[in-house]
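Data block below; observations after.
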Amino acid sequence: MKFLKKIFKRIDSEEVHDNLRRKNAAKNSILFVIGTQISALSFNLFFLPYNFVSGGLGGLAIIINNFFPNINTYLIILLGNLLFIGISVMTLGWKESVMSAMGAMFYIAFAFFTQSFPELINFSFDNVLLYVLAAGVVSGFGEALVYKSGFNTGGTSILARVFQKYTKLPMGVLIRYMAYV
């Protein structure tokens with residue numbers, strides 16, 4: 001029994017985790033890029049043109065844009081992400097904030113570059129509920145790929161990571177709470 005305890009004491013869980021992360025880096029990077037593209041495309045195809053207010057910075061940007069049409073939606077998301085990244089760096093440190101910062105920047109870049117897609121891809125559903133359903137499924141699939149890769153798309157997910165540090169609540173619960181804020 002003492003022999004097994006010595007073996008398991010020598011195993012550094014952080015080292016094992018880092019090795020696994022490096023082995024899956026290519027797969028996770030591909031999932032991250034595809035998921036971020038799908039999520040940004042969903043925002044531009046469904047949420048923005050039909051003014052569906054989702055939770056987080058995207059929803060806040062849509063609301064602000066409705067009251068102040070001269071303010072660019074993507075600029076609001078960018079400024080909000082920069083603010084949240086700053087909060088994350090101050091509370092979690094740079095190492096913990098890098099993946100959130102990358103996710104936020106990739107998301108805003110993909111959202112900006114796919115803003116003309118609604119003109120190219122025209123959906124003609126007879127029922128608004130179908131638009132809402134499509135928005136939820138497509139954005140949920142994109143976000144799932146991003147979270148599976150270990151990243152997030154920024155926004156209120158960054159705040160959820162900060163709150164997770166102090167509350168120890170699961171990330172899914174915190175993200176759900178952030179959607180209502």
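The values are calculated or read from the model by the stated rules, or taken from the named source; none is laboratory data. The model shown is predicted, which means the values in this text are computed figures rather than measured ones. Note that we place each Cβ from the backbone using ideal geometry, even for glycine, and neighbour counts take in every protein chain shown. Surface areas here come from the heavy atoms of the whole protein model, side chains and all, with no ligands, DNA or RNA. Shrake-Rupley method; radii C 1.70, N 1.55, O 1.52, S 1.80 Å.
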Flagged in region 167-181 as open to solvent by 80 Å² or more (accessible area, probe 1.4 Å), without any contact (Cβ under 8 Å) to a residue 24 or more places away in the chain and not in a helix (DSSP H, G or I), in numbering order, are LYS168
Residues that are closer than 17 Å to VAL53 by Cα and exposed (fewer than 11 other Cβ atoms within 10 Å of the Cβ), drawn from region 111-136: VAL128, LEU129
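Rundown of residues vs (1) surrounded by fewer than 18 Cβ atoms within 10 Å (Cβ to Cβ); (2) in contact (Cβ under 8 Å) with a residue 40 or more places away in the chain; (3) more than 18 Å from the chain's Cα centre (by Cα), yes/no style:
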site: GLY58; (1), (2), (3): no, yes, no
site: LEU75; (1), (2), (3): yes, no, no
site: ASN81; (1), (2), (3): no, yes, no
site: ILE87; (1), (2), (3): yes, yes, no
site: MET90; (1), (2), (3): yes, no, yes
site: LYS95; (1), (2), (3): yes, no, no
site: VAL98; (1), (2), (3): yes, no, no
site: ALA104; (1), (2), (3): no, yes, no
site: TYR107; (1), (2), (3): no, yes, no
How many residues of region 48-61 are in a helix (DSSP H, G or I) and either of a type in the set (D, E, K, R) or over 12 Å from ALA135 (Cβ atoms) (or both)? The answer is 4
Only one residue in LEU169, LEU145, LEU120, LEU133 is modelled with pLDDT of 90 or more and either over 15 Å from the mean Cα position of the chain (by Cα) or farther than 21 Å from GLN37 by Cα (or both), so which one is that? LEU133
Selection count where residues are open to solvent by less than 40 Å² (accessible area, probe 1.4 Å) and not hydroxyl-bearing (Ser, Thr, Tyr), scope region 137-148: 4
Pairs please, first residue from region 139-166 and in contact (Cβ under 8 Å) with a residue 60 or more places away in the chain, second anywhere and in a loop (DSSP other than H, G, I, E, B), Cβ atoms under 6 Å, 6+ apart in sequence or on different chains. VAL146/THR153
If you take the residues in region 60-73 that are closer than 19 Å to SER42 by Cα and without any contact (Cβ under 8 Å) to a residue 12 or more places away in the chain, which one is surrounded by the most Cβ atoms within 10 Å (Cβ to Cβ)? ASN65
